Amino acid sequence: MSTPTETPLAPPDPAAAAPQLRRSSRNKVIGGVCGGLGRYCDLDPVIFRIALGVLSVTGGLGLVFYGFAWLIVPMEGEDENEARRLLTGRVEGAALVAVLMALAGCGIFLTMLRNGSVVTFAVLLALLLAGAAVWSQRRSTTPADTPLDPVAAQAVADAPPETKAPPAPSPPSWWRDPIVKDGTTGPVPGGYLWGPADADAPPVSKATRRAAKAAVRASRGPRPIGGLIFLTALLAFGAGFGGAWDHQPLGTGLQIGFAAALGVFALGLMLSSFLGRTGFGTVFLAVLTAALLAGSAALPKSIDSHWARTDWTPAAISDVRPGYHLGTGVGTLDLSRIAVPPGQTVTTGAEVGAGRAKVVVPKDVTVKVTFDMGLGDIRLPGENPDDIQVTPGEKRTATLAPPAGAKPAGTLELHLKVGVGQVEVDRAAS
């Protein structure tokens, strides 16, 4: 009596058991990103929702991550993501919301770059969340290198061919199955791929040609409107910036222009889901406009849109004003004519939004100067004029003693502020 042989079971495939990163269609609040991440990393989706909410408030990184994840990660049961639909001109409501969310997050993040503590907290929280997700995902993954039982391995090797799995399908190879013009494989048809038709080919009527062209146009989908959106955005930027040119600072005018252009891009993306189609270029220009809008918001409000050259030359202490202001241009404050008596202090300052501020101080006074630079270079007496060091956000205090042998005099306190440009302090020769 023969004993029946047990058929060894094939080992489980870890790759098939591991979940794929997909957005959840059941456990979702907005786009299903947190639900998909929770299932993939074996974590409660509430953890991701809370962390991304905090990151959205403190720096905008949560909105940036959620928007791009919504675009890149496909929904479960689908093979095409929202980004691919955008690239092919099919702008839908979900893709539009994801793009606007990413744009808003980028704008918030760029405005928070100067707040180092907020950015540091957001980056640390993002790293902590990523580390926890990676740890949980690896903890829940079944090891792939589990050794098989020797008897089972021998039985699998001795199995007849009909019980083995079929070979995995491979992509077509040009040396085995020639690829024809439409991308499929098979025998190469006769005739030319292009050029005049053969002599025995039947003539093609004009109606047939028109029908073929109409079919091609219908297969391409709606008419593209990206060029019209770009032209309208340029006109909106010119109208907004030109209207604020005469009575607003340069940064405010740029903000108005870029905000108008961004509004056109947003409206165009909304309309494209109903009236036409747009490509990746429109989305890229919208992101670039949002970045330029955030950069223009960081410009000092003292920068004017009119370049001017101004000289201030007070002749006595009574003529010295507490401060001298210039929006954009070159401002020269000549204090060489004033005489400061010993034991007396004169305080003044100069502010230039963008350009150059130069101050000429008397020969025999002690100068205490305070610099507040947005982005620029500081030059003091005796320094090499070719030594230019541009430092952002520099605040510095210096004391310039009178030269040796000068008669005793008072003190001059200067407060110099330049948004973008150069500030120079020079001592009069006599």
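Couple of notes before you dig in:
- Förster radius 35 Å - calculated FRET efficiency between Arg139 and Ala398 (Cβ-Cβ, nearest 0.05): 0.05
- Length gained on full extension, Ala211 to Lys407: 60.7 nm, using 0.36 nm per residue less the C-alpha separation.
- Relative protection proxy for 362-370, 119-127, 379-387, 66-74, from highest mean packing down: 66-74, 362-370, 119-127, 379-387 (other beta-carbon atoms within 10 angstrom).
- Förster radius 35 Å - calculated FRET efficiency between Arg84 and Leu234, Cβ distance, rounded to 0.05: 0.80
- For the stretch 61-85, backbone nitrogen atoms closer than 20 Å to the point 7 Å from Arg26 Cα along Cα-to-C-beta are found at 74-79.
- Remark: for residue pairs Lys368/Lys395; Lys358/Lys395; Lys368/Lys407; Lys395/Lys417, the C-alpha separation exceeds 20 Å in no case.
- Between Gln344 and Ala316, the modelled label-to-label distance comes to 1.0 nm, taking each label 7 Å out from Cα in the direction of the beta carbon.
- Rounded accessible area per residue of the stretch 270-426, 1.4 Å, Å²: 50
- With both labels modelled 7 Å from their Cα along Cα-to-Cβ, the Lys301 to Val119 distance reads 2.3 nm.
- Rounded percent of accessible protein surface that carbon and sulfur make up, the stretch 319-430, 1.4 Å probe: 50
The values are calculated or read from the model by the stated rules, or taken from the named source; none is laboratory data. Note that the structure is a prediction, hence the values are computed from the model and not measured. Every residue, glycine as well, gets a Cβ built from its backbone with ideal geometry; the counts of neighbours run over all protein chains shown. Remember, those area values only see protein heavy atoms, side chains included, never the ligands or the DNA or RNA. Shrake-Rupley method; radii C 1.70, N 1.55, O 1.52, S 1.80 Å.
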